[in-house]
Amino acid sequence: GLRLEAQPDSGLVLIGVWDTSPLPPRPRPYDGRRVGGHGLEIVRALSHALTVTDRGRGKEVTAQLQLSTEPP
């Protein structure tokens, strides 16, 4: 599933995804020859914070993206 939430007062956008696997996401060792499997690295690099929440029958991974509060 997917959840998208904007918090204008704090300048945060929350993006949550969930699945039925109880296993937390794990970063893979760097391998420049590997095709795919880099999603967690990219999300961690772009996120202000990343949380994993146990949902009983799976987990939800939520990335917090801090938007600029400066006018364009």
Exercise. On the given criteria, is Gly37 over 12 Å from the mean Cα position of the chain (by Cα), open to solvent by less than 60 Å² (accessible area, probe 1.4 Å) and touching a residue at least 40 places away in the same chain (Cβ under 8 Å)?
Worked result: no
Exercise. Which condition number does Val52 fail, the rest of (1) modelled with pLDDT of 90 or more; (2) assigned to a loop (DSSP other than H, G, I, E, B); (3) open to solvent by 60 Å² or more (accessible area, probe 1.4 Å) being met?
Worked result: (2)
Exercise. Residues in the stretch 12-34 that are surrounded by 14 or more Cβ atoms within 10 Å (Cβ to Cβ) and in a loop (DSSP other than H, G, I, E, B): how many?
Worked result: 1
Exercise. Do we find that Arg3 is surrounded by fewer than 10 Cβ atoms within 10 Å (Cβ to Cβ) and not small (Gly, Ala, Ser) in this structure?
Worked result: no
Exercise. Since Leu67 meets every condition but one in (1) open to solvent by 50 Å² or more (accessible area, probe 1.4 Å); (2) out of contact with any Asp or Glu (no Cβ under 9 Å at 6 or more places or on another chain); (3) at pLDDT 90 or above, which condition does it not meet?
Worked result: (3)
Exercise. Which pairs have Cβ atoms under 8 Å, sit 6 or more apart or on different chains, and link a residue in the stretch 1-20 that is under 18 Å from Ser68 (Cβ atoms) to one that is open to solvent by less than 70 Å² (accessible area, probe 1.4 Å) and of a type in the set (S, T, N, Q)?
Worked result: Leu12/Gln64; Val13/Gln7; Val13/Gln64; Leu14/Gln7; Leu14/Thr62; Leu14/Gln64; Ile15/Thr62
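The values are calculated or read from the model by the stated rules, or taken from the named source; none is laboratory data. Here the structure is a predicted model, which means the values were calculated and not measured. Don't worry about glycine lacking a Cβ; one is built from the backbone with ideal geometry, like all the others, and counts go over all protein chains shown. The protein model used for the area step is the full one, side chains on, heavy atoms only, and it has no ligands, DNA or RNA in it. Shrake-Rupley method; radii C 1.70, N 1.55, O 1.52, S 1.80 Å.
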